Amino acid sequence: EADQVVWDREMKLQRVLDDVESLTQDYMSRAHKLGLVGSRKNENVEIDIELTIDTHTDDRHRITSVDLRRDVRPALTRATDAFATQLHTTQTAVIEARESMDDLSEKRMELEEHVDLMDKAARRHNEHYRDLREAILAEGRATAKQIEQLEADIAAMRRDIAQGELQSKAALAHADAEWESVQRGCRLRRAEIDEDVVSVLEDVVHMKAHAEARLRELLKLAASDASV
């Protein structure tokens with residue numbers, strides 16, 4: 001029965017030691033995650049307490065490598081205060097970041113509205129440009145047709161002028177020929193008229209001489225009749 005009591009106490013002690021070991025492992029795991037110990041130690045927390053246990057010692061004060069009440073608890077309190085300060089700083093930074101994000105969101109919305117207005121204005125300008133381009137192209141096509149028509153008219157006028165010039169030259173040559181013909185006719189007619197005039201004048205002279213001879217004869221007859 002005494003052995004049973006001892007056995008029960010040893011079992012209880014073992015369970016306590018197992019709990020202590022489990023708690024120690026949990027402590028060290030959390031300490032590593034929080035950066036309290038190890039190579040990734042948090043620079044903002046002034047604590048570096050490695051906790052180990054010795055389940056084979058007979059001195060209860062030596063079961064843990066450090067005194068939990070004297071060393072670990074104050075260190076944890078300081079760590080808690082440091083984490084609280086760090087949490088407050090982080091929360092303040094988060095609030096400021098949220099405010100900055102809200103400001104950025106408002107600015108982004110304003111920029112989106114501005115971009116939307118610019119996009120609408122760009123679409124209007126593009127539509128106006130297309131309409132203006134179509135109008136210019138249509139006017140250019142109409143102008144090209146007018147130029148082609150004018151060039152055709154000018155070519156026709158040049159042909160007409162060239163043909164008219166040829167006709168004018170031909171008419172002038174014909175007129176020159178007619179003029180020469182008329183001049184020749186005039187010269188011939190003048191010659192004929194001159195010959196007729198000379199002939200008439202000669203006839204007149206002969207008639208005058210004949211009339212004077214007859215008149216002299218009549219005068220002689222008249223004189224002889226008067227003497228008888």
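The values are calculated or read from the model by the stated rules, or taken from the named source; none is laboratory data. On a predicted model such as this, the values are computed, not experimentally measured, just so you know. Quick note on the areas: whole protein, heavy atoms, side chains included, nothing else; ligands and nucleic acids left out. Shrake-Rupley method; radii C 1.70, N 1.55, O 1.52, S 1.80 Å.
Overview of values
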{"item": "Potential extension, Val6-Arg190 segment - 0.36 nm per residue separation minus Cα distance", "result": "47.6 nm"}
{"item": "Whole-Å semi-axes of the ellipsoid equivalent to the stretch 140-225 (Cα gyration tensor, √5λ, descending)", "result": "79, 11, 4"}
{"item": "Cα-based reach from Lys220 at 25 Å (exclusive), listing lysines while leaving out same-chain residues under 8 positions away", "result": "Lys208"}
{"item": "Accessible solvent surface per residue of the stretch 90-228, calculated while the other protein chains remain in place, 1.4 angstrom probe, Å²", "result": "91 Å²"}
